[in-house]
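The values are calculated or read from the model by the stated rules, or taken from the named source; none is laboratory data. Note that the structure is a prediction, hence the values are computed from the model and not measured. Positions of Cβ are generated from backbone atoms using ideal geometry, with glycine treated the same way; all protein chains shown enter the neighbour counts. Remember, those area values only see protein heavy atoms, side chains included, never the ligands or the DNA or RNA. Shrake-Rupley method; radii C 1.70, N 1.55, O 1.52, S 1.80 Å.
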Amino acid sequence: MTGIKYKSYTLRNFKTIKQLENLSEENIRTIEVVGNVLPFKTNNYVIDELIDWTNYKDDPIFHLTFPQKEMLSEENFRIVDEAMRNNVSSEELFDICHKIRVKLNPHPAGQQCLNVPMYNEEMMSGVQHKYRETVLFFPSSGQTCHAYCTFCFRWPQFISGENMKFAGKESEDLAAYLQEHHEVTDLLFTGGDPMTMSSKVFKKYLDPIWKVIDKTNLQTIRIGTKSLSFWPYRFTAADDAHEMLDIFKMIVDKGINLAFMAHFNHPVELSTPAVQEAIKLILGTGAQIRTQSPIFKHINDDPEIWAELWRKQVNLNCIPYYMFMARDTGAKDYFELPIVEAYDIFRKAYSKVSGICRTVRGPSMSCTPGKIMISGIAELNGEKVLALRFIQGRNPDWVATPFFAKYDESASWMSDLKPAFGGKFFFEDDMEKIYKQKYSDCEKNKYE
Ligand SMILES: *Cc1c(COP(=O)(O)O)cnc(C)c1O
Ligand code: SF4
């Protein structure tokens, strides 16, 4: 149980990773150049137990946590590389990298302005309420991860490194909000990764909500986390592992559904003794584990991988939940798959597994109007179309209504799609209204 210590690696100390001895100087240089722009952090579990170093160039977990040259455009790579060669000051280098970052769409889908609710006429910090039933809570102490995914859409917050201190006011306000909003049944702790918090701090965030739990309409508490992939020892060997499991029990004993929303990108993340033990312990508290992942080139763009991923999850008593399209942010060009290809991979994988694995939904795009799922390719009136539907909508009335877009092999996001048969998508006028009424100061593209 004991004896394993978490050791993280960032740009500052990554050259001490002994497995990197096999890498060429150019490869090491690449990590440094790209790592100055995109967030980079990994740890001893990822390095020692997940990455297969004999074949690191094709290893999915190497691509998942180590920066790769093509994640930046040639131009941007050259700019940063040159600045480093010229030994510019660290402030100057930061500015150069910052300028590149702001052009990589750091806040997709109107996260900053469209989803933040008001309480006492103030914007609530750390809270987003986009879909009627579900409130997202970003506790400030949980805005980091045990390692960073190179594709992360939350990446800007890792760079600033601000707001990492415990902020009790956030959950006090949230508790008040939940009492007034009985349409909210689900509270989702997210980040970053809330499971990077100590059990004590996590409990402190929960306490104000717990005090008023009977005056809210909460039915489910979810925890969005990649800790089972990046640091399963959090639940098996950490000093406060037991305390965290006790908190889970407390939630379940209250009659609340505790859904542990685990982020797994590849079956290898389910293969170690540590992750399997952690899953058992979490399920032992009465919590459920539901799983989700985006689909990416270089990591999981193969139906065999997805079929194996879902099968393994079910064998470990986890419930497949979502497949997402890569968000239009950060290194998207490196990872993105056209919608048509992603759907083809989904369909092939889905058809390989039994019904018990088919609780998964997707592929879906989390864009400003909602979560839009690609349900298939069809031919209507002699026109080839993509059939789409909302899994979640800013307006709940949109949910589950089929609609159609022109078939387009190069489209990789909702904003690339045009309505089939001309005209507008059925929700566009409605979306326009939502946009204008509430958030006229928000200058974002409505289909991000
Ligand atoms: C996916 C998502 C949720 C949760 O939606 P469910 O369909 O209830 O799983 C909540 N908020 C946002 C912003 C989301 O993208
Ligand atoms: S675990 Fe999630 S929040 Fe953390 S780096 Fe990966 S994608 Fe980002």
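Ranking Arg12, Arg361 from most to least accessible surface, computed with a 1.4 Å probe over the protein chains only, gives Arg12, Arg361. Summing Cβ point charges (Lys, Arg +1; Asp, Glu -1) relative to the Cα centre of the chain gives a dipole of roughly 780 debye. Of the cross-linked pairs Lys99/Lys371; Lys41/Lys280; Lys5/Lys41; Lys99/Lys226, those separated by over 20 Å at the C-alpha level are Lys99/Lys371; Lys41/Lys280; Lys99/Lys226. For the pair Ala400 and Glu243, label points projected 7 Å from Cα toward Cβ lie 4.3 nm apart. In the chain, Rg over Rh equals 0.95, where Rg is the alpha-carbon radius of gyration and Rh the Kirkwood radius from pairwise Cα distances. For an R0 of 56 angstrom, estimate the FRET efficiency from the Cβ-Cβ distance between Glu432 and Glu25 and round to the nearest 0.05. The value I calculate is 0.55.
Computed in the context of the full set of protein chains, the accessible area of the chain at 1.4 Å probe radius has 48% of its extent on carbon or sulfur.
Counted residue by residue at 0.36 nm each, then reduced by the alpha carbon distance between them, the extension gain from Met250 to Asp408 reaches 51.9 nm. Residues in segment 252-267 carry Karplus couplings, in order, of 5, 5, 6, x, 9, 6, 9, 10, 8, 8, 8, 9, 10, 9, 8, x Hz; the curve used is 6.51 cos²θ - 1.76 cosθ + 1.60 with θ = phi - 60°, and Gly or Pro positions show x. In this label model, His182 and Arg12 are separated by 5.1 nm, measuring between points 7 Å along each Cα→Cβ vector. Put a dot 7 Å past the Cα of Val340, heading toward its Cβ, do the same for Asn55, and the two dots end up 3.0 nm apart. Rounded to the nearest 500 deg cm²/dmol, what is the calculated helix-only ellipticity per residue at 222 nm for the chain, with -39500 (n - 2.57) per DSSP H run of length n ≥ 4? When only DSSP H runs of four or more count, the value is -10000 deg cm²/dmol. Check which residues have an amide H placed less than 5 Å from Lys130's amide H, if you skip close sequence neighbours. Counting only residues 5 or more places away or on other chains, the set is Leu136.
Can you give the net charge of the other residues whose Cβ lies under 13 Å from the Cβ of Glu383, counting K and R as +1 and D and E as -1? Local net charge: +1.
Can you give me the accessible area per residue for the chain, using a 1.4 Å probe, in Å²?
The answer is 44 Å² per residue.
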